[in-house]
Amino acid sequence: MWRISRAAVPVTGDAHRVTTVEIFFDLVFVFAFTQIISFLVDDLTPIALLQGLILLVLMWWARSAYTWSLIAALLAALAIVELTNVRPREPA
């Protein structure tokens, strides 16, 4: 199994910005959450509460899977950089 040294993990400073894709997916999940809550407010029967709980669990699962896939992609990219010994160019 490959090991990635801590030196390979980039340290971000104050200039690190969130990407547009991250903000987009955050907004998608916030919108989905508001839709589930609005569904629950419209109908407060036990069946609707169970359906809302199932929807919240599914949304949480999807968010967790999305986060883990991004972490896995980042680690794969770091492993490729470490294996190929390709380093970013220093600014001139």
Could you give me the ³J(HN,Hα) list for region 60-66, computed from phi with Karplus coefficients 6.51, -1.76, 1.60 and θ = phi - 60°, whole Hz, x at Gly and Pro? 4, 4, 5, 5, 5, 5, 4
Convert each backbone phi in region 74-81 into a coupling constant with the Karplus relation 6.51 cos²θ - 1.76 cosθ + 1.60 (shift: θ = phi - 60°), then list the ³J(HN,Hα) values in order as whole Hz, x for Gly and Pro. 5, 5, 5, 5, 5, 5, 5, 4
For region 20-84, what is the convex hull volume of its Cα atoms per residue in Å³? 50 Å³
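We did not get these values from a lab; they are worked out from the coordinates using the rules stated. Note that the coordinates shown come from a computational prediction; the quantities given were computed from them, not determined experimentally.
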